[in-house]
Amino acid sequence: MPLARSPSARSGAPRVVVVGAGVMGRWHVQAARRLGAQVVAVVDPDEGAARALIARSGGASAHPSLHDALSACAADAVHVCTPLGTHGELTRVALAGGCHVLAEKPLAGSLDETEALLGLARERGLVLAPTHQFPFQPGFLRVSAGRAQLGELVRVAYRTSSAGGDGRPAAQRRAILREILPHPASLFHKFLGEAFDPSRLQVLRSTDDELELAGSAGAASLGVEISRRGRPTRNELHILGTTASAFVDLFHGYAIIEPGAVSRRSKALRPFRLGSGLLANAGGNLAYRAARREPAYPGLRELIRRFYSAAFAGGEPPVSEAETLAAARLVELAGP
């Protein structure tokens with residue numbers, strides 16, 4: 001198979017291949033096109049699914065394998081949007097073809113494989129990143145920019161209740177819990193930097209439907225709670241500080257920062273202040289996403305924009321090697 005020409009050496013719209021014509025493949029195609037990229041191929045062994053997605057991305061061709069697509073099309077980047085078990089091989093093929101790669105999380109099935117893929121990308125001068133979109137949501141970015149107003153960190157906790165895996169066998173449900181772990185790892189790493197060490201977390205509870213971890217980062221305690229049984233479904237980051245606290249709604253992409261003033265008046269007014277803040281932030285976020293025509297997966301388009309910037313304009317990679325490895329280590333910590 002001939003190698004694709006180095007993306008950094010070309011001009012014009014990036015030429016991208018999307019592997020996987022499922023839900024995430026559709027969102028990656030939409031985001032790529034809105035960012036000005038040219039989707040040149042969709043890869044899926046299900047020809048009907050690939051052609052249905054092609055209908056939304058004019059000019060693309062359908063292929064049963066990534067090898068076929070890279071042989072037939074001049075490509076600069078590959079989006080891997082397939083089940084976890086296929087990530088490693090597809091990423092290797094794309095990197096061997098001279099393409100930058102953005103892969104759905106987890107990047108690979110093990111820490112060793114993750115390290116090997118990062119090494120291959122580094123060797124070839126290519127950008128390789130997992131799809132850690134939560135840190136690129138407006139709410140999280142606002143909280144990160146205003147971190148100083150929180151004071152000293154007391155606790156950072158990630159909590160999610162997911163309906164994913166309903167009706168599936170126990171082993172698949174357990175695997176889904178582990179596949180969620182890159183999200184808290186990416187958020188903790190972005191917010192805490194080098195203070196976040198996955199090895200300082202311990203698994204407190206692990207069943208087919210529940211996963212709970214706890215640990216620390218400096219003076220702050222860390223918590224991860226992932227549940228398949230809890231309802232309503234939710235996806236949240238809670239940050240408690242000595243002078244203020246923050247709540248980030250990761251389903252919708254907005255955040256609320258609460259001041260920590262202590263008085264009878266502040267206690268009495270808190271429900272009203274919290275309610276009005278929730279309404280204002282949720283409403284503003286809804287209007288923002290409607291204007292951008294981004295009804296789901298907030299943060300994904302911004303992540304992809306930064307990935308393209310790193311690949312084709314020399315910008316900083318949106319996800320560092322350290323963050324990618326932290327996610328892989330946290331997944332391994334949770335066990336099989």
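Counting other C-beta atoms within 10 Å, and keeping those with at most 12, which DSSP coil GluC sites (Glu not before Pro) do you find in the range 73-159?
In loop regions of the range 73-159 (DSSP not H, G, I, E or B), the sparsely surrounded GluC sites (Glu not before Pro) are 152.
Could you go through the range 319-325 in sequence order and give the Karplus-derived ³J(HN,Hα) for each residue, using 6.51 cos²θ - 1.76 cosθ + 1.60 with θ = phi - 60°, rounded to whole Hz, and x for Gly and Pro?
10, 6, 4, 4, 5, 4, 6
So what is the 222 nm mean residue ellipticity for the chain from helices alone, if each DSSP H run of at least 4 adds -39500 (n - 2.57) and you divide by all residues, rounding to the nearest 500 deg cm²/dmol?
Result for the chain, helices only: -13000 deg cm²/dmol.
Can you list residues whose amide H is under 5 Å from residue 82's amide H, if they're 5+ apart or on another chain and H is modeled 1.01 Å from N?
104
Need the full-extension length gain, residue 265 to residue 170, defined as separation in residues times 0.36 nm minus the C-alpha distance. One decimal, nm.
Value of the extension gain: 29.2 nm.
Let me know the charge dipole size of the range 135-292 about its Cα centre in debye, to the nearest 20, where only the beta-carbon of Lys, Arg (+1) and Asp, Glu (-1) is charged.
500
With labels modelled as points extended 7 Å from the Cα through the Cβ direction, what inter-label distance (nm, one decimal) is found for residue 321 paired with residue 120?
About 1.6 nm, to one decimal.
Which entry is the computed mean projected area of the Cα convex hull in nm² for this structure: (1) 18.9; (2) 16.7; (3) 17.5?
Only one listed value fits the structure, namely (3).
I want the local charge near residue 253. Using Cβ-Cβ distances under 9 Å, sum +1 for each Lys or Arg and -1 for each Asp or Glu among the other residues.
Once all neighbours under 9 Å are counted, the net charge is -1.
If the only charges are +1 at each Lys and Arg Cβ and -1 at each Asp and Glu Cβ, what is the size of the charge dipole of the chain around the Cα centre, to the nearest 20 debye?
So the magnitude is around 1360 debye.
Treating the beta-carbon of each Lys and Arg as +1 and of each Asp and Glu as -1, no other charges, what is the dipole magnitude of the range 7-131 about its Cα centre, to the nearest 20 debye?
Roughly 580 debye for the range 7-131.
Using the Karplus curve 6.51 cos²θ - 1.76 cosθ + 1.60 with θ = phi - 60°, what ³J(HN,Hα) values do you get for each residue of the range 151-158, in whole Hz, with x for Gly and Pro?
Working through the residues one at a time gives x, 6, 6, 9, 8, 10, 9, 9 Hz.
Once amide H atoms are built 1.01 Å from N in the peptide plane, which residues 5 or more positions from residue 204, or in another chain, come under 5 Å H to H?
The answer is 212, 213, 214.
Each residue of the range 253-267 in order: what ³J(HN,Hα) in whole Hz does its phi give by Karplus 6.51 cos²θ - 1.76 cosθ + 1.60, θ = phi - 60°, with x for Gly and Pro?
Running phi through 6.51 cos²θ - 1.76 cosθ + 1.60 with θ = phi - 60° gives x, 10, 9, 10, 10, 9, x, x, 4, 10, 6, 4, 5, 5, 5 Hz.
Any read-out appearing in this document is the output of simple, stated calculations on the displayed coordinates, not a laboratory observation. Keep in mind that this is a model prediction, so the values were computed, not measured. No Cβ is skipped: glycine too gets one built from the backbone with ideal geometry, and neighbour counts run over all protein chains shown.
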